[in-house]
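Here's the structure, in structure tokens; my notes come after.
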Amino acid sequence: VAGLGLGKKPESQKPEADDTHDTANPAEASLLMKIIRQGLVESKLDIEIQRKDPNSPLYSVKTFEALHLKPNLLKGVYDMGFNAPSKIQETALPTLLADPPQNMIAQSQSGTGKTAAFVLAMLSRVDPTKNYPQVLCLSPTYELAIQTGEVAARMAKFCPEIKMKYAIRGEELPKGTKINSHILIGTPGKMLDWGVKFGMFDLNKIKVFVLDEADVMIDRQGHQDQCIRIHKCLPQTCQMMFFSATYDSAVMGFAEAIVPNPIIIRLLREEESLDNIKQYYVKCKNAEDKYRAICNIYGVITVGQAIIFCHTRKTASWLSEKMSRDGHSVAVLSGELTVDQRIAVLDRFRGGVEKVLITTNVLSRGIDVEQVTLVVNFDMPMDINKKADCETYLHRIGRTGRFGKAGIAINLVDSPQAMEICLDIEAHFGKKINLLDIEDAEEIE
Ligand code: ADP
């Protein structure tokens, strides 16, 4: 890695303070998901393909050999433990590697193998005998750029002739530098500075342009504008690769502005469902009473691991202190933690060091930890108008096919407003949420 000049580790960064209500910041959420994930997210669903030009050949591969990669690149792929292409890779890779090059827009949820796919394409398109940048890869943040760079460095382990460089904050080059690396991975601002403002490389010589995490990118208007400015300086022949975890009109509008004549491939997300979840609510008078409810539940049922969602950081820390004092091993994940600290908390929880994870809305979705059998809404999920937030409820409680094991969800209701939210959620999903008499909790097992 050091030889590629890509040895940098993310600096610990404090997320912006936001009094006590945590909201899931898309870039941070995406980074956390990447870091805590172990391996591919498999899908039983089929790929959806749209192409503008019906004459363009389209095929899929079942093996990496079938792609006729450079031997040392293939070796790198196998060295990463990849045996066969993931579902999205089966279809994306032949197109990304095709000659003449084809443009692609690919959408699939995080963890399905998009990064590995475009990194492989970037590496195979490089001509290492020409010492100037040929591939640009834009990521929305410093940390996400580093994640991609680390994948590239691992995959290029046996290709020391390929030189890569980060274009991110903290990387400074003296005026007049001509960059001789083949691949630049970075954020739009720095890339614009180096390429357009300082002329440190020739945008007209770029063969491959990758836009990663496009949905996170457009979250900031400034980024979108910078991407478009860079894009304007690229040659017509440049191959465009556009990746996103979501597919809405804002993302697609951005995609159309950047990617002419694309092949569009999508892998739909497996739906979360409440089918195997037993849902209950418990009537409580106040926070103390809610705490007592949790203790009662623990007294009665054998819980694998549990996640408890609170509305504010203050409640989360209050609850964790109380639970720890009573001898529970709890972890807290909330917005004031640095990215590194969040990763550490999640790693420990995954490893089973703590049995209970107390969290605010920093996790937009529940985390895919199979051992989690109990989810508690200490506070009901609500939107800014204080109405039921059904989508968040589903993300917290629901399971996809993969983790379709049975689970228990308990909603702690301590006001008429909370009761109303609970009833709205019940009506929305058409799934009964039963009253649980906590003094008589045997019935839930
Ligand atoms: P995405 O970019 O869609 O979030 P990644 O490319 O980061 O997905 O892949 C998710 C995880 O799966 C990573 O840990 C990666 O190393 C692994 N992975 C990717 N492709 C394969 C494959 N073909 N076989 C096995 N694991 C893979």
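Coordinate-derived values only; no laboratory data. Computed from a predicted model, the values in this text were never measured in an experiment. Glycine gets a Cβ as well: all are built from the backbone with ideal geometry, and neighbour counts include every protein chain shown.
For segment 197-345, the number of Lys pairs with C-alpha atoms closer than 14 Å, counting only pairs eight or more positions apart or on separate chains, is 5.
According to the calculation over all Cα-Cα pairs in the chain, the P(r) per 20 Å bin from zero is 24, 50, 24, 2 %.
Semi-axis lengths, largest first, of the ellipsoid equivalent to segment 105-246 are 21, 18, 14 Å, with √(5λ) applied to each eigenvalue of the Cα gyration tensor.
Sorting E213, E171, E270 from the fewest to the most surrounding beta carbons within 10 angstrom yields E171, E270, E213.
Residues V413, V345, V353, ranked from the fewest to the most other C-beta atoms within 10 Å, line up as V353, V345, V413. So what's the angle, to the nearest 10 degrees on a 0 to 90 scale, between helix 142-155 and the longest Cα principal axis of the chain? Helix 142-155 sits at roughly 60 degrees to that axis. Listed by Cβ neighbour count within 10 Å, with the fewest neighbours leading, S110, S181, S329 appear as S329, S110, S181. Here the sum of -39500 (n - 2.57) over DSSP H runs of 4 or more residues, divided by the residues of the chain, equals -10000 deg cm²/dmol at 222 nm, to the nearest 500. Classify segment 67-170: rounded, prolate or oblate, from the alpha-carbon gyration tensor (a ≥ b ≥ c, eigenvalue square roots; a/c under 1.5 rounded; otherwise prolate if a/b is larger than b/c)? Rounded is the answer for segment 67-170, as its axis ratio a/c remains below 1.5.
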